[in-house]
Protein chains: 2
Amino acid sequence: MTTSMREALAVASGPVNLAGYETDARPLAPVKHNRDLTNDAAALTALQEQLWAESTAGKERRVLLVLQGMDTAGKGGITEHVVGMFGPIGVQYTAFKKPTKEESEHDFLWRIRKRLPPPGVIGVFDRSHYEDVLVVRVHDLVPPGEWEARYDVINDFEKELVDTGTTVVKCFVHISYDTQRERLLARLQDPDKHWKFNEGDIAERAYWADYQVAYEAVLERTNTEHAPWYVVPGDHKKYRNWAVGQLLHETLLELDPHYPRPDLDVASLETRLAPPH
Amino acid sequence: MTTSMREALAVASGPVNLAGYETDARPLAPVKHNRDLTNDAAALTALQEQLWAESTAGKERRVLLVLQGMDTAGKGGITEHVVGMFGPIGVQYTAFKKPTKEESEHDFLWRIRKRLPPPGVIGVFDRSHYEDVLVVRVHDLVPPGEWEARYDVINDFEKELVDTGTTVVKCFVHISYDTQRERLLARLQDPDKHWKFNEGDIAERAYWADYQVAYEAVLERTNTEHAPWYVVPGDHKKYRNWAVGQLLHETLLELDPHYPRPDLDVASLETRLAPPH
């Protein structure tokens with residue numbers, strides 16, 4: 001029996017059929033305590049601080065958390081509840097929206113490269129370069145030959161990241177069509193959430209099946225050994241947050257960062273700091 | 001009797017003598033409950049979310065929190081405990097270190113301008129353009145005529161920020177010479193904190209008086225109506241964090257942001273979202 005979240009949420013190699021991945025599953029969750037699913041925030045933040053601390057002594061390691069999913073899947077919630085545990089120092093969050101005019105004039109990775117985490121930092125991408133084989137593919141925004149070539153480009157790009165010290169953690173937050181409906185309805189029913197509501201979101205639901213196909217292609221063709229995908233069941237918000245927290249926890253434990261131990265002459269420094277007699 | 005933190009921590013106009021500002025004061029703190037000083041995180045984060053929400057509907061308002069103070073004053077602690085309440089979306093943190101070669105080749109505001117908060121965002125500067133009239137002045141890094149001219153440049157720059165929608169909140173975190181010694185000693189005594197210890201910090205203590213003079217000049221010459229300074233007593237960590245949280249709270253209450261209320265035809269949208277019969 002697996003006890004690793006990374007194993008539990010891994011994508012099997014070969015053709016991917018998202019219908020086979022339950023959106024309301026809760027792998028590894030304690031059966032009786034689903035409402036109390038919380039990460040060990042103290043342990044997580046200590047690991048993050050050590051990753052950051054290491055970088056001040058020249059280590060190059062860093063983490064990139066990629067969050068993808070349909071509208072309302074919970075990318076913002078994960079950012080708030082999971083990434084929010086870490087505090088602002090050593091975390092860099094970027095939401096990638098529809099490309100600006102300037103961004104469109106460059107290669108699709110141009111804006112991505114500008115926001116890669118520096119050493120010691122946990123970078124968070126709320127949407128990412130994967131939009132360039134998702135929304136772009138579903139809506140024919142570029143010719144098929146162009147997006148078709150991007151899967152390999154992405155694999156090479158992520159290989160380059162991994163080779164230069166980045167651990168890439170890619171999460172597809174998987175919700176059902178009904179869950180999205182319920183969440184959009186909930187937004188409509190709360191006037192304080194109307195600002196999050198976009199009429200286009202309803203139109204986009206008509207493309208649900210196309211998006212599933214596009215995600216299946218992503219999960220099949222970019223699920224590499226160096227940068228694997230995790231399918232995070234997203235119908236239960238607490239489970240979803242906990243699972244992503246666990247993925248980060250396992251990732252940081254494996255990196256095993258340590259506070260640098262500079263060679264300080266503590267006694268001498270203490271003397272220099274002593275108050276004058 | 002004042003009940004506003006901004007009034008309580010304001011700098012009096014005219015010549016500034018930092019010796020007259022107690023580093024262990026606790027203005028407005030309830031006398032008996034100093035250990036329980038906590039901000040209303042729920043209210044603060046709701047205000048921050050509304051500021052962010054407004055920007056998605058085109059509003060331009062934003063906040064810039066400038067944190068200055070001697071080594072160990074608590075800029076990192078404020079970032080962790082106060083700014084950390086907000087979560088990653090709508091917050092942008094920047095620590096300004098010794099300028100890089102590229103930064104040095106530009107005007108001193110060049111790197112600052114690149115990190116100004118966009119609309120809806122609370123930007124946090126851990127050190128700032130003020131270093132260019134502090135460390136630069138104390139260590140004669142440029143000729144006196146050059147730094148001398150910067151006070152007016154800074155005032156004009158901040159006026160420009162305010163005129164384009166930024167509320168600038170400038171905090172000088174004020175600690176005593178003894179408090180710095182205690183904190184540096186504490187770092188020496190904890191091997192997990194040695195990475196934060198810089199031998200240069202001890203050498204820099206020899207310039208304490210010069211820094212106080214340089215800070216006095218800052219507080220006197222850049223304490224403008226459009227971008228006033230606050231002197232935050234920093235010897236008590238919990239008080240310091242609470243006070244900065246209150247400053248932000250008062251600032252956000254005054255901005256009085258609201259969730260945008262787009263004109264949605266809720267009934268019609270609900271119908272479109274209804275499941276097929």
Please give the residues of the range B:32-75, grouped as numeric ranges, whose backbone N is less than 17 Å from a label point set 7 Å along the Cα-to-Cβ vector of B:D256. B:47-48, B:50-51, B:54, B:60-62
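What does the charge count near B:I154 come to, summing +1 for each Lys or Arg and -1 for each Asp or Glu among other residues with Cβ under 9 Å from its Cβ? Present the calculation step by step, with values, prior to reporting the outcome.
Values: positive: B:R150, B:R221; negative: B:D132, B:D152, B:D156, B:E158.
Neighbourhood net charge equals -2.
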In whole percent, the Cα-Cα distances of the protein assembly as shown spread across 10 Å bins from 0 upward as 3, 16, 25, 26, 17, 10, 3, 0, 0
In deg cm²/dmol, rounded to the nearest 500, the helical mean residue ellipticity at 222 nm of chain B, built from -39500 (n - 2.57) for every DSSP H run of length 4 or more, is -12500 deg cm²/dmol
Any idea which of A:A186, A:I122, A:V136 is furthest toward the positive side of the dipole for the range A:110-203, if Lys and Arg beta-carbons carry +1 and Asp and Glu beta-carbons -1? A:I122
Assigning unit charges at the beta carbon (Lys, Arg +1; Asp, Glu -1) and nothing else, what dipole magnitude in debye, to the nearest 20, does the range A:160-277 show about its Cα centre? 500
Out of B:L18, A:A41, A:Q92 - ranked by how far each Cα lies towards the positive end of the dipole of the protein assembly as shown, with unit charges on the beta-carbon of charged residues - the top one is A:A41
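State to the nearest 20 debye the size of the charge dipole of the range B:92-209 about its Cα centre, where the only charges are +1 on K and R beta carbons and -1 on D and E beta carbons.
420
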Stretched out fully, how many nm does the piece from A:N17 to A:H226 gain, at 0.36 nm a residue minus the Cα gap? 73.0 nm
If each of A:K238 and A:E146 carries a label point 7 Å out from its Cα toward its Cβ, how far apart are those two points in nm? 4.6
Distant alpha-carbon pairs in the range A:158-248 (separation over 15 angstrom), percent: 69
If each part is reduced to its alpha-carbon centroid, the range A:73-138 and the range B:93-131 end up apart, in Å, by 22
For the cross-link pairs B:K75/B:K238; A:K159/B:K114; A:K97/A:K238; B:K170/B:K237; B:K193/B:K238, which exceed 22 Å when the distance is taken from alpha carbon to alpha carbon? A:K159/B:K114; A:K97/A:K238
Estimated FRET transfer efficiency when R0 is 30 angstrom, pair B:W110-A:K193 (beta carbons, to 0.05): 0.15
Hey, got the average number of other protein chain Cβ atoms within 10 angstrom for residues in B:195-206? 3
Relative to the longest principal Cα axis of chain B, at what angle does helix B:144-163 sit, 0 to 90 degrees, rounded to 10? 20
Computed over chain B, Cα set: Rg, Dmax in Å: 20.8, 79
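Any idea what the dipole of the range A:14-100 comes to, in debye rounded to 20, about its Cα centre with Lys/Arg Cβ at +1 and Asp/Glu Cβ at -1?
180
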Note: B vs A interface, total accessible area buried (1.4 Å probe; ligands, DNA, RNA excluded), nearest 100 Å², is 3700
Intensity falloff of the range B:1-109 expressed as log10 I(q)/I(0), Debye formula with alpha-carbon point scatterers, at q = 0.23 Å⁻¹: -1.40
Could you let me know the centre-to-centre spacing of the range A:207-269 and the range A:165-183, using Cα atoms, in angstrom? 13
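The values are calculated or read from the model by the stated rules, or taken from the named source; none is laboratory data. Treat the numbers as computed from the prediction; the structure is a model and nothing was measured. Cβ sites come from the backbone with ideal geometry, for glycine too, and all protein chains shown count toward neighbours. Calculation scope for accessible area: heavy atoms of the full protein, side chains included, ligands and nucleic acids excluded. Shrake-Rupley method; radii C 1.70, N 1.55, O 1.52, S 1.80 Å.
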